[in-house]
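Take a look at the structure set out below.
The values are calculated or read from the model by the stated rules, or taken from the named source; none is laboratory data. Fair warning: this is a prediction, and the values are worked out from it, not measured in the lab. Virtual Cβ from ideal backbone geometry, glycine too; neighbours counted across all protein chains shown.
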């Protein structure tokens with residue numbers, strides 16, 4: 001089986017978030033895809049089932065232990081590879097079909113070789129945390145006095161989103177993966193996403209880390225599927241200011257720096273002030289390795 005290794009949300013090999021990509025997965029069963037993802041060992045591997053074609057591209061995503069509905073960095077990696085192989089034009093629009101539904105994708109040719117993929121992210125409901133904040137923070141190695149109380153702790157889909165005051169506290173976290181997964185599992189949750197407005201770069205809006213032991217990922221280096229909801233969250237609470245009459249705002253999220261794999265997620269939020277309606281994530285990638293995997 002031919003497999004590509006691609007680092008997403010970066011142009012530097014070894015940085016960002018690594019994804020496996022299988023461009024010709026038609027005919028592979030779930031068991032085979034799961035074995036391939038486990039052998040590749042990236043946080044996610046994307047499998048192209050159909051396309052590219054008039055109907056777009058159909059993908060399935062697997063962590064080393066589970067199938068998931070949507071993965072931002074593996075999608076960026078896949079569209080990077082498709083344009084690099086000239087299977088898609090470097091600019092234009094297409095669609096992505098995955099477990100989360102049908103999502104719009106725009107490819108934007110960059111000055112450097114390749115494209116930036118802008119991907120509509122799935123919407124998930126917002127709710128209060130179903131678990132004790134103190135307990136969840138203790139299991140990621142933090143305490144409640146690290147929380148930025150000017151913003152709410154909220155659940156979005158299968159992740160808990162926790163704002164923190166200082167970047168040094170975010171960097172100091174050291175999760176206990178097994179107990180954290182056990183705490184979240186009864187509530188249908190798989191991870192804790194922590195972020196702070198204390199960024200490394202002046203042009204960024206947030207700095208983050210994501211622990212997802214519920215799907216076999218101790219720490220995901222750069223998480224597009226969480227960056228999209230974070231963009232919406234920040235617009236909901238006025239950190240990203242949308243025009244009162246409606247419009248679009250863009251920002252950048254930092255992730256991966258704490259573990260030596262820095263990546264940058266572009267986010268684009270559309271809507272009215274305090275009422276975001278849609279979010280897209282944008283990112284570039286670099287192909288690191290091409291090879292054959294014996295399964």
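Quick notes
- Test: residue in the stretch 101-111 that is assigned to a loop (DSSP other than H, G, I, E, B) and in the same structural domain as residue 68 (by TED's automatic domain parsing): yes
- Qualifying positions in the stretch 55-99 - farther than 20 Å from residue 190 by Cα and assigned to a strand (DSSP E or B): 56, 57, 58, 59, 92, 93, 94, 95, 96, 97
- Selection of the stretch 165-191 for residues being within 9 Å of residue 213 (Cβ to Cβ) and under 18 Å from the mean Cα position of the chain (by Cα) yields 190, 191.
Here is a yes/no grid of residues against (1) in contact with a helix residue (DSSP H, G or I) (Cβ under 9 Å, 6 or more places away or on another chain); (2) buried (at least 18 other Cβ atoms within 10 Å of the Cβ):
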{"site": "51", "(1), (2)": "yes, yes"}
{"site": "57", "(1), (2)": "yes, yes"}
{"site": "66", "(1), (2)": "yes, no"}
{"site": "72", "(1), (2)": "yes, yes"}
{"site": "80", "(1), (2)": "no, yes"}
{"site": "102", "(1), (2)": "no, no"}
{"site": "105", "(1), (2)": "yes, yes"}
{"site": "113", "(1), (2)": "yes, no"}
{"site": "150", "(1), (2)": "no, no"}
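Quick grid of which residues meet (1) under 18 Å from the mean Cα position of the chain (by Cα); (2) over 26 Å from residue 108 (Cβ atoms):
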site	(1), (2)
21	yes, no
41	yes, yes
72	yes, no
82	no, no
86	no, no
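- Some residue of the stretch 254-274 being in contact with a helix residue (DSSP H, G or I) (Cβ under 7 Å, 6 or more places away or on another chain), more than 16 Å from residue 220 (Cα to Cα) and modelled with pLDDT under 95: yes
- Residues that are farther than 18 Å from residue 207 by Cα and part of a strand (DSSP E or B), drawn from the stretch 263-278: 270, 271, 272, 275, 276, 277, 278
- Residue in the stretch 176-188 that is within 30 Å of residue 271 (Cα to Cα) and in contact with a strand residue (DSSP E or B) (Cβ under 8 Å, 6 or more places away or on another chain) present: no
- Candidate set from the stretch 126-149 (those that are assigned to a loop (DSSP other than H, G, I, E, B) and out of contact with any strand residue (DSSP E or B) (no Cβ under 8 Å at 6 or more places or on another chain)); member that is farthest from residue 208 (Cα to Cα): 132
- Close pairs from the stretch 277-290: first without any contact (Cβ under 8 Å) to a residue 60 or more places away in the chain, partner in a strand (DSSP E or B), Cβ under 6 Å, at least 6 apart: 277/270; 277/271
- The residues of the stretch 156-179 that are outside any loop (DSSP other than H, G, I, E, B) and closer than 18 Å to residue 146 by Cα, listed by number, are 160, 161, 162, 163, 164, 167, 168, 169, 170, 171, 172.
- For the stretch 238-270, taking the residues that are surrounded by 20 or more Cβ atoms within 10 Å (Cβ to Cβ) and without any contact (Cβ under 8 Å) to a residue 40 or more places away in the chain, the one that is nearest to residue 196 (Cα to Cα) is identified as 240.
- Taking the criterion of being closer than 16 Å to residue 85 by Cα and assigned to a strand (DSSP E or B), the residues of the stretch 9-45 that qualify are 20, 21, 22.
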